[in-house]
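Enquirer: After the structure tokens below, expect a handful of questions from me.
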Amino acid sequence: MIDNVYETIRLEATPGGLVVITLNRPDVHNAFNAVLIEELTDAFDTIADQETIRMMILRGNGPSFSAGADLNWMKRAAELHTKEDNEHDAQKLAAMLLSLYEMPQMTLALVHGAAMGGGAGLVACCDVAVAMKGTKFRFSEVRLGLTPATISPYVIDAIGPRRARALFVTAETFDAEYAERMGLVHYVVDDQAAMTAMEEHLATLVFAAAPGAIADAKKLVSDVTGEVIDKDLGHDTARRIAARRASDEGKEGIAAFLEKRKPSWGG
């Protein structure tokens, strides 16, 4: 049961195991400030600890998904804080992004309007991203004398170093179709009705899958990426599938398939 009350986000949970987090600073296009970062971190950590939650959706209220960092907040922080304080603030942002990336549940970003800087970073942290046609993306940090440092691991993981370097140094604006072609988003939809249909489709897929297997599959990708394909890696992956076969979920899933019935997690 989640009953957390927040100032800058809305959190809505269903009894069936779906949670929706809505960024709720529409007057500033859901830009990050210290409170938003703290509340997102708390929400992500709370959700991650709830075994009954199967899926988390992240969206934005108002005209944009997220415009990235609130520049007024960053300006005040730079003027009032020491170098150590500024680094502490940056560490909080990095921790928030990692909390989202490491959530065991399936995470889905529903993106509209604009996703700039850190907003695009949130998109890269999610397992699946759906963008509405007309959405604009940009890594605009170099225009401000900054770099997209904290989001860089997730963006590079999503689109590769060559494209990331080009977009980081040019701060070029790109559209949803280009974001899809390079892997920052997975689907582009025409309108809100299509967005809702895609959301429902993806939820159907997630709730047909075993939650523990989803968490292990996410960890599998993180652990295997970049590893040398050799005998040691083969042994590791063999151990993983053997453990899954012997798990309660593995036994139930195979039995349900052979008995032509839904598994216990499938409703």
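Enquirer: Tell me yes or no: at least one residue of region 91-110 is among the basic types (Lys, Arg), at pLDDT 95 or above and farther than 22 Å from Lys136 by Cβ.
Expert: no
Enquirer: Which residue out of Arg143, Arg163, Arg245, Arg239 is surrounded by 14 or more Cβ atoms within 10 Å (Cβ to Cβ) and among the basic types (Lys, Arg)?
Expert: Just one listed residue meets the conditions, Arg163.
Enquirer: When you go through Ala69, Ala109, Ala95 one by one, which is the residue that is farther than 30 Å from Ser264 by Cα, aliphatic (A, V, I, L, M), crowded, with 22+ Cβ neighbours inside 10 Å and within 20 Å of the chain's Cα centre (by Cα)?
Expert: Ala69
Enquirer: What number goes with the only condition from (1) within 22 Å of Glu200 (Cα to Cα); (2) buried (at least 21 other Cβ atoms within 10 Å of the Cβ); (3) touching a Phe, Trp or Tyr at 6+ places or on another chain (Cβ under 8 Å) that Gly17 does not pass?
Expert: Looking at each condition in turn, Gly17 falls short on (2).
Enquirer: Can you name the residue in region 248-267 that is without any contact (Cβ under 8 Å) to a residue 60 or more places away in the chain and in a loop (DSSP other than H, G, I, E, B) and, of all such residues, is surrounded by the most Cβ atoms within 10 Å (Cβ to Cβ)?
Expert: Across region 248-267, the extreme among qualifying residues is Pro263.
Enquirer: Surrounded by 21 or more Cβ atoms within 10 Å (Cβ to Cβ), in contact with a Ser or Thr (Cβ under 6 Å, 6 or more places away or on another chain) and in the same structural domain as Asp175 (by TED's automatic domain parsing): which single residue out of Asn30, Asn61 fits that description?
Expert: On inspection, the qualifying residue turns out to be Asn30.
Enquirer: Can Leu233 be described as closer than 15 Å to Gln105 by Cβ and either assigned to a helix (DSSP H, G or I) or in contact (Cβ under 8 Å) with a residue 40 or more places away in the chain (or both)?
Expert: When the stated conditions are applied, Leu233 does not pass them.
The values are calculated or read from the model by the stated rules, or taken from the named source; none is laboratory data. All figures in this text were calculated on a predicted structure; none of them were measured in a lab. Heads up, the Cβs are rebuilt from the backbone with ideal geometry, glycines too, and the neighbour counts pull from every protein chain shown.
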